[in-house]
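Heads up, the thing below is written out as structure tokens.
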Amino acid sequence: MADDNTLVDIIVDIVNLLVELYLAHVIKPFLSFHEKFYKKLNAVLRTILDNAESVPKWFTANSITYARTWMIIPCLVLLVKGFTVLPCLIVLAVDFGDFLDGVVARYWVDRKQIDALGGEVEKPSNEDKPEMASSWIVSHREKNYGGFIDAVCDKAFVIPCWISLLSSVPSASHLRNFQFIVLWGLILTETASGCIRFRAYCTSTGVPSPVVKGLDFSTSAVKADHIGKAKQTFEMLGTALFMIPLLRYAGLLLLTAAVPLAYESVRRKIKKRVVYVDGTTKDFDHATLKFWKQAKGMGSKLIVGIVGTDTDMINNASASDSVDSVLSNAPSKLTLNFLSEIGVDFVVCGVGQSESVVSAELADAKRCLVIVDDNKAVPMEMKNLKSE
């Protein structure tokens, strides 16, 4: 069994290496042209919106997202009836809608800021009146709903298209089996990606995780958001061309190019990163809970260590939905050997806390991250870095 696991690990490592070479030498050069094109398109669309006399209130990013998702129905109906050009045009229109909803979302954000600066009205004081406030989790989900539903709807449109296209592969065509492999590969990886994203949204901690400065969590040559943009372009354009018999192999080429990107997207979402924080504190309040939530957002698993066996501290940590494990009798000074023993990747500290719990060797190895404000975390030796 151990030999089988080792063989699997070797195969996975080889696949990851090949994907990384593909990203560095194929995708990265492509992204420069991709970014220039969409930057110009964004400028044109934004100019149209800014110059419009009035933009309807219903014309929002979410309404565009819902509308383009419903286009799957006429697309599938036309495919079943044997049409090819019209479904192709629908797919291209949906891909354009995916870009348009981002432009519209940024437009309305800017409009709200302008309206707030130009027409702010002083509200009457109602200090004694009861006021309802949303919880952290509800506020966080509302803020991130647009991005979540956009990604889910992308998959809700394209996956049924691929399933339908499985039946369109001619039995006597060249590369018949390869076409099935590519389509099924995309169907499975994008379904997995959608499930992971759905779970992440529903189990979010309610607090945005800080951006790590001075340390790259990923060793990849291409950032995650850039991978998503290239993947979306290859998948949608490839699907559109695959529907037309004369252009089928051109579409197959683009879909094949999207397979490693879909794989890498899923791999990054499921990559494990164990985070440790010191939870030895009598001051258990909302600041402590927020700190734990921020730390959990920086990894996939959060361990809270308690120096000693204080029952209240252990129960407080165990009651938090952000905490996965609680370690009692934890050492007061953390070392690399201790992190290796319990399988921890990074220690997360607050400002002023790191000196008391982290050893010098841990700081030198850049295994300690300090949250300096709500939006940024830095390696321990960079904690005095000014906010950018």
Please give the direction-averaged projected area of the C-alpha convex hull for region 245-300, in square nanometres with one decimal. 5.6
Label points 7 Å out from Cα along the Cβ direction at residue 315 and residue 33: separation in nm? 6.5
Project the alpha carbons of region 54-177 onto their principal axes and report the range along each, largest first, in whole Å. 77, 33, 22
Please work out, to two decimal places, the log10 of the ratio I(q)/I(0) at q = 0.07, 0.10 Å⁻¹ from a Debye calculation in which every Cα of the chain carries one identical scatterer. -0.44, -0.85
For region 185-286, evaluate the Debye formula with one uniform point scatterer on each Cα (no solvent term) and list log10 I(q)/I(0) at q = 0.19, 0.23, 0.25 Å⁻¹, rounded to two decimals. -1.06, -1.29, -1.38
Full-extension gain in nm, residue 21 to residue 176, via 0.36 nm per residue minus C-alpha separation: 53.1 nm
Region 27-127: Rg to Rh, with Rh as the Kirkwood radius over Cα pairs: 1.14
The simple spin-label model distance between residue 202 and residue 7, using points 7 Å out along Cα→Cβ, in nm, is 3.7
Of all DSSP beta bridges having both residues in the chain, the percent classed as antiparallel (nearest 5) is 20
Of region 174-206, those with amide N under 15 Å from the point 7 Å along the Cα→Cβ vector of residue 144 are 194-206
In whole Hz, the Karplus estimates of ³J(HN,Hα) for region 265-273 (6.51, -1.76, 1.60; θ = phi - 60°; x where Gly or Pro) are 4, 5, 4, 5, 6, 9, 5, 7, 9
With charges only on Cβ, +1 for K and R and -1 for D and E, what is the dipole size of region 226-359 about its Cα centre, in debye, rounded to 20? 800
Label-to-label distance, nm, for residues given as residue 301 and residue 267 (7 Å Cα→Cβ offset): 2.1
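Could you quote the convex hull projected area for region 212-360, Cα atoms only and averaged over all directions, in nm²?
The orientation-averaged projected area of the Cα hull of region 212-360 comes to 11.5 nm².
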Just flag the trypsin sites (Lys or Arg not before Pro) in region 1-67 sitting in loop per DSSP whose Cβ has no more than 16 other Cβ atoms within 10 Å. 57
HN-Hα couplings for region 86-95 via Karplus (6.51, -1.76, 1.60; θ = phi - 60°), in whole Hz with x for Gly/Pro, come out as 4, x, 4, 5, 5, 4, 5, 5, 5, 5
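FYI, it's all coordinate maths here, none of it is from the lab. All figures in this text were calculated on a predicted structure; none of them were measured in a lab. Ideal geometry is used to build each Cβ from the backbone, glycine not excepted, and the neighbour counts take in all protein chains shown.
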